[in-house]
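Working notes for the structure below.
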Amino acid sequence: MSEIEHREVLIVGAGPGGSSAARRLAEADIDTLVIERREVVGNPAQCGECIPLMGEMVGTFPSIADDAWLVDQFDVPNRIIAQRLEWMRIFSPKMREYSFELDCISAHRLQFDGWLADRAIESGAEIRTSCELRNVSTRGERDIYVTNQGRFTADHVIDASGSLAHVARLRGIGKRPQDQLPTIYAQVAGDLPASFDIFLGSIAPGGYAWIIPKGNGVANIGLGMLTSKIKEPLKRTLDGFIEDLGVRLLSYGGGWIPLAGPVKTAVTDNVLAVGDAAGLVMPSNGGGIGTAMVSGKYAADSIVANRRSGQSLSEYDKMLERALRKPLRISTRSKKLFQLFCRGNFTTEVAMRFLGTGGIQRAVECHRPLYIL
Ligand SMILES: Cc1cc2nc3c(=O)[nH]c(=O)nc-3n(C[C@H](O)[C@H](O)[C@H](O)COP(=O)(O)OP(=O)(O)OC[C@H]3O[C@@H](n4cnc5c(N)ncnc54)[C@H](O)[C@@H]3O)c2cc1C
């Protein structure tokens with residue numbers, strides 16, 4: 001049996017949530033180890049690769065506006081930006097366009113996640129790649145985290161392992177959401193729009209299809225739909241969409257987006273869940289990179305306060321409640337209403353005309369689409 005290595009904080013997963021938490025903890029001189037099962041952080045990407053900047057985040061989550069650390073964490077350097085996304089267009093089944101401004105970029109997740117990981121390392125955190133958490137066993141009072149590179153114990157653990165929430169589910173932090181949206185996408189090359197385009201209706205029932213341009217004539221084209229509505233392999237549906245657009249296929253990818261809304265509590269004992277592991281994806285648009293970064297920072301803050309002054313870790317839940325959960329709950333409800341009323345092209349068309357650009361924008365940005373809803 002190998003020695004057990006003890007660390008002050010163990011973080012599982014070097015995505016945006018894990019690396020943001022690691023940077024914050026290391027800046028506070030807390031010994032932090034991130035284990036990441038991938039050989040290279042961020043590779044392969046399982047993402048549309050639209051990344052919100054601070055303006056977009058504050059539009060949805062106003063209370064984070066004055067957080068200087070977050071302003072800095074969202075200040076993505078030009079070398080990482082593939083293309084600025086300043087405009088979103090949403091198309092109805094009859095191709096009626098509803099458009100509004102965005103403050104986002106597209107970037108290669110390999111580079112974006114790598115940049116966040118580098119910031120954590122520069123601050124003093126350690127990231128061990130090709131290190132997969134395989135089991136959690138309990139000895140006496142302590143949990144032992146078993147990986148392919150040895151065994152670990154830690155004073156605090158952050159589950160940043162994404163939608164599968166490896167540690168959090170074992171600790172009863174939320175159930176595995178039933179409501180995971182299967183998605184598939186392709187990198188394509190061709191004559192592509194400069195806006196982030198979304199298509200609703202029979203192309204992706206209960207979900208949506210998207211085109212996210214990544215500069216130089218390359219884009220990420222994908223779709224996700226309710227499992228109950230899938231009638232043929234998703235890849236075949238995507239191939240049809242790609243063929244209609246007349247673009248050249250470069251590669252495929254895919255993944256699951258947890259759309260059940262935030263878990264009720266993201267802390268048990270010494271384990272805190274961040275990002276997708278805590279269900280912190282915006283159900284009305286599928287975006288979770290920004291919320292993973294914010295929650296990673298908050299989890300780190302509450303660990304720092306716990307170590308310095310004994311403040312309860314449940315403060316983390318309160319921070320999530322104040323900043324993220326309300327918009328996420330509204331967004332969850334909008335997604336449910338969308339799936340209830342927009343079952344076919346006709347009802348989707350009518351609902352979109354009824355809401356108009358303002359209502360659609362509010363729904364996408366996690367605000368109430370109508371003041372009475
Ligand atoms: C197809 C698709 C398209 C999407 N498009 C967008 C988009 O355009 N914009 C947006 O904002 N969001 C998008 N999302 C959602 C977004 O990708 C996630 O919300 C975001 O990555 C969550 O960050 P995270 O740090 O919580 O988890 P992740 O980014 O999933 O990171 C988790 C990390 O944990 C590692 N890990 C997992 N298990 C283990 C283990 N056992 N041991 C060690 N390491 C482990 C993984 O390898 C991974 O690196 C999309 C999701 C999908 C599936």
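At R0 = 30 Å, how high is the FRET efficiency between ARG353 and ALA194 if r is their beta carbon distance? Nearest 0.05 is fine. FRET efficiency, ARG353 to ALA194: 0.70.
With a cut-off of 8 Å between alpha carbons and a minimum separation of six or more residues, what is the relative contact order of the chain in percent? Here the relative contact order equals 21 percent. A straight chain from THR227 to ARG322 at 0.36 nm per residue would run longer than the Cα-Cα distance by 30.9 nm.
For ARG325, the shell of other residues with beta-carbons less than 13 Å away shows a net charge of +4, using +1 for Lys and Arg and -1 for Asp and Glu.
For the range 233-320, relative contact order (Cα pairs under 8 Å, six or more residues apart, normalised by length) works out to 22 percent. Centroid-to-centroid, using Cα positions, the range 19-57 and the range 230-261 are 26 Å apart. For a paramagnetic label modelled on LEU170 (point 7 Å from Cα along Cα→Cβ), amide N atoms under 14 Å away belong, within the range 120-140, to 132-140.
Mean separation of Cα pairs under 8 Å and 6 or more residues apart, divided by the residue count, gives the range 300-373 a relative contact order of 26 percent.
Placing unit charges on the Cβ atoms of the charged side chains and taking the dipole of the chain about its Cα centre, the candidate lying farthest along the positive direction among GLN83, GLY246, VAL40 is GLY246. In this simple spin-label approximation, ASP66 and ASP29 carry label points 7 Å from Cα along the Cα→Cβ vector, and these lie 2.8 nm apart. With a cut-off of 9 Å between beta carbons, the residues surrounding PHE152 carry a summed charge of +1, where Lys and Arg count +1 and Asp and Glu -1. For the range 1-87, GluC sites (Glu not before Pro) are listed when DSSP marks them as loop and at most 14 other Cβ atoms sit within 10 Å of their Cβ; the list is GLU3, GLU39. Label-to-label distance, LYS94 versus ILE4, with points set 7 angstrom from Cα along the beta-carbon direction: 6.6 nm. Roughly how many whole Å is it from the C-alpha centroid of the range 125-148 to that of the range 66-85? What the calculation gives is 32 Å, centre to centre. Only aspartates and glutamates eight or more places from LYS335 in sequence, or on another chain, were considered; those with a Cα closer than 15 Å are ASP179, GLU365.
The calculated FRET efficiency for GLU39 paired with ARG248, based on their beta-carbon distance and R0 = 25 Å, is about 0.30.
State which stretch of the chain is the longest one without any exposed trypsin sites (Lys or Arg not before Pro), exposure meaning a DSSP loop state and at most 11 other Cβ atoms within 10 Å. That would be 265-373. Loop-located chymotrypsin sites (Phe, Trp or Tyr not before Pro) across the range 295-373 with a Cβ neighbour count of 10 or fewer within 10 Å are TYR371, with loop assigned by DSSP. Taking the helices alone, the chain has a mean residue ellipticity at 222 nm of -10000 deg cm²/dmol, built from -39,500 (n - 2.57) per DSSP H run of at least 4 residues and averaged over all its residues.
Given a Förster radius of 30 Å and the C-beta distance between ARG84 and SER309 as r, what FRET efficiency does 1/(1 + (r/R0)^6) yield to the nearest 0.05? Efficiency for this residue pair is about 0.10. For a paramagnetic label modelled on PHE346 (point 7 Å from Cα along Cα→Cβ), amide N atoms under 13 Å away are absent within the range 178-208.
Amide H contacts for LEU102 (H built 1.01 Å from N in the peptide plane; partners 5 or more residues away or on another chain; cut-off under 5 Å): TRP87, MET88.
Laboratory data are not the source of any read-out in this text; all were calculated from the coordinates shown. Note that this is a predicted model, so its numbers are computed, not measured. Neighbour counts are summed over all protein chains in view; Cβ atoms, including those assigned to glycine, are modelled from backbone coordinates with ideal geometry.
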